[in-house]
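A short worksheet on the structure shown next.
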Amino acid sequence: MVLRAERIAHRFAPDDPATACYVVLGLSALLCLLRLAALVAGDLPLYFDEAQYWFWAQTPALGYFSKPPLIAWAIAGTTALCGDGSTCVKLAAPLAYLIAPVFVFLTARNLFGPRLGCYAGIAFATLPGVAFSGFIISTDPLLLAFWCAALWAYERALSTGRLRYWLAGGAAIGLGLLAKYAMIFIVLGIAGSFACGPRPPRAWAGLAAMAALALALVSPNLLWNARQHFTSFSHTADNVALPGALSDLGGGAAVVDFLGGQAAIIGPIFAVALVLLLVRARPVLARPGHGFLAWFSFPVLGLLIVQAFLSRAHGNWAAVAFPSLTILLVAWAVGERRERGLRLTLAVHGCLFLVLAGAVAVGTGPFAGLGRALDPFRFIRGWDRLAEAVVQDSAAQAADLVIVDDRPAIAELAYLLRGRPLRLRRWSNDPLQPDDHYAMVWPATDGVGQDALVVSRDPAPAALLAAFASSRLVETVALRPYHDPKGTYYLFIGRGFLGDRRK
């Protein structure tokens with residue numbers, strides 16, 4: 001089967017530019033359709049981050065507590081077309097990965113020719129991390145689509161000097177910043193390649209035009225942040241906060257964990273290929289096109305390795321390094337005459353994509369017996385039980401006010417209880433500083449004197465229960481069919497809400 005897949009993969013890398021483009025576009029469209037079919041068949045519940053983004057989309061704005069606004073705008077668009085079902089909420093992710101591999105192909109084709117470009121487009125479309133990410137609505141698919149577009153436009157601008165490419169790059173960078181602030185990493189690649197590589201005439205003017213357009217596109221979000229005391233930037237800074245003491249260092253274990261995450265994203269075969277490439281980095285990067293790509297991958301990875309050592313770095317933070325790194329690995333493999341191994345890698349990654357799509361299509365049911373440690377759907381399982389319990393208990397206790405003290409629960413409840421006559425409110429850990437967007441727009445400041453149903457993962461939320469004249473436990477709800485402390489919620493009835501007295 002693998003040898004047959006290898007022969008098929010060999011045919012997927014033609015030398016004709018038009019045919020190569022059609023192959024990449026066709027494969028991207030096929031993968032998009034497979035994702036959508038799997039999502040429809042599996043009808044997976046939303047992860048709480050996905051539910052939060054859906055909530056943002058109900059009130060499109062220029063910014064939100066923790067992210068720029070493009071993901072909310074995208075969800076608002078897709079749900080306007082086909083409703084609030086989970087597949088429609090996720091729709092922008094498969095569509096983004098329909099586009100991104102095409103720009104990877106175009107960039108690689110311009111640098112190395114159509115055959116290698118075809119390999120690169122297929123390789124990026126089937127990366128394990130991309131395969132997984134395409135089933136989840138998050139900021140990464142949108143970010144990567146615009147990063148790939150910006151990489152292509154910038155390479156064309158440097159090669160031709162034409163203003164339209166500089167402006168296309170500026171538009172892609174500006175929209176990428178509206179998707180996720182990690183788009184700013186592209187400045188590292190632009191600065192390095194611009195300073196060290198050949199430049200066309202009037203390149204400085206083109207670069208200024210690109211930067212001006214990018215800034216113009218992101219400026220509404222910057223102004224929103226200024227009016228909101230830079231809440232999005234503060235949240236981002238908190239995520240990457242440096243340690244206050246040596247004991248807080250992430251250290252070598254955090255670096256190993258981060259590197260393991262990168263190996264999982266590109267797959268173990270490409271991870272080994274990257275190590276081999278780095279062993280002979282100097283002659284490899286001296287080849288035409290290779291050095292350009294390196295500027296858009298290695299500085300990002302190096303910076304985040306340092307970040308992991310000093311504090312922490314999540315695996316997806318380096319996602320923007322992988323479009324150029326994928327092209328670089330493909331170019332190295334072809335240059336080292338390892339094309340057969342490359343085709344086998346693509347075949348294996350394609351098989352992994354099918355396995356993942358099959359798991360999504362089957363749905364959550366068959367995996368429940370794997371238990372807490374192995375259940376891949378653990379964090380999306382059982383929220384409907386909590387929603388049902390909230391509806392029943394609020395009716396039984398005659399309390400339409402529901403106060404929730406954690407983000408996952410209020411995000412899921414806001415989505416699952418949409419259209420219900422219940423008033424959800426968010427109790428913040430810090431009364432002077434909102435914990436999230438829910439605390440900004442649904443603070444627990446009204447309802448004084450009323451009864452409320454309290455939802456907490458804490459079996460004894462002292463500060464919250466102290467805000468009532470009296471309270472008692474009503475129900476304990478276990479979300480999973482196996483023991484999971486993080487999946488157990490406690491519902492209390494609070495009589496006579498006194499308001500937040502901690503201020």
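The values are calculated or read from the model by the stated rules, or taken from the named source; none is laboratory data. The structure presented is a predicted model; accordingly, all values stated were derived computationally and were not measured. For neighbour counting, all protein chains shown are included, and Cβ atoms are generated from backbone atoms with ideal geometry for every residue, glycine included.
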For this session: Check whether at least one residue in segment 332-350 is under 21 Å from the mean Cα position of the chain (by Cα), among the hydrophobic types (A, V, I, L, M, F, W, C) and part of a helix (DSSP H, G or I), and report yes or no.
Result: no
Problem set entry | Entirely in segment 394-463, the strands (runs of 3 or more DSSP E) that have 1 or more residues that are in contact (Cβ under 8 Å) with a residue 60 or more places away in the chain | 401-404, 452-456
For this session: Tell me, yes or no, whether segment 467-476 has at least one residue that is of a type in the set (Ser, Thr, Tyr), surrounded by fewer than 19 Cβ atoms within 10 Å (Cβ to Cβ) and free of Cβ contacts under 8 Å to residues at least 40 places away in the same chain.
Result: yes
Exercise. Are any of the residues in segment 485-500 surrounded by fewer than 16 Cβ atoms within 10 Å (Cβ to Cβ) and in a loop (DSSP other than H, G, I, E, B)?
Worked result: yes
Exercise. Within segment 134-157, how many residues are assigned to a helix (DSSP H, G or I) and touching a residue at least 60 places away in the same chain (Cβ under 8 Å)?
Worked result: 9
Problem set entry | Candidate set from segment 174-203 (those that are of a type in the set (Phe, Trp, Tyr) and closer than 19 Å to Leu304 by Cα); member that is farthest from the chain's Cα centre (by Cα) | Phe185
Exercise. Quick check, is Leu223 loosely packed, with under 15 Cβ neighbours inside 10 Å, of a type in the set (A, V, I, L, M), within 18 Å of Ala179 (Cα to Cα) and modelled with pLDDT of 90 or more?
Worked result: yes
Exercise. Quick check: anything in segment 133-148 buried (at least 24 other Cβ atoms within 10 Å of the Cβ) and either under 14 Å from Ala108 (Cβ atoms) or touching an Asp or Glu at 6+ places or on another chain (Cβ under 8 Å) (or both)?
Worked result: yes
For this session: Just give me the residues in segment 282-317 being touching a residue at least 24 places away in the same chain (Cβ under 8 Å) and part of a loop (DSSP other than H, G, I, E, B), in sequence order.
Result: Arg287, Pro288, Gly289, Phe296, Ser297, Ser311, Arg312, Ala313, His314
For this session: Please tell me if Leu310 is surrounded by 14 or more Cβ atoms within 10 Å (Cβ to Cβ) and either more than 29 Å from Leu352 (Cβ to Cβ) or modelled with pLDDT under 90 (or both).
Result: yes
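Residues to consider are Ala319, Ala331, Ala359; find the one that is of a type in the set (Gly, Ala, Ser), out of contact with any Asp or Glu (no Cβ under 8 Å at 6 or more places or on another chain) and surrounded by 22 or more Cβ atoms within 10 Å (Cβ to Cβ).
Exactly one of Ala319, Ala331, Ala359 is of a type in the set (Gly, Ala, Ser), out of contact with any Asp or Glu (no Cβ under 8 Å at 6 or more places or on another chain) and surrounded by 22 or more Cβ atoms within 10 Å (Cβ to Cβ), namely Ala331.
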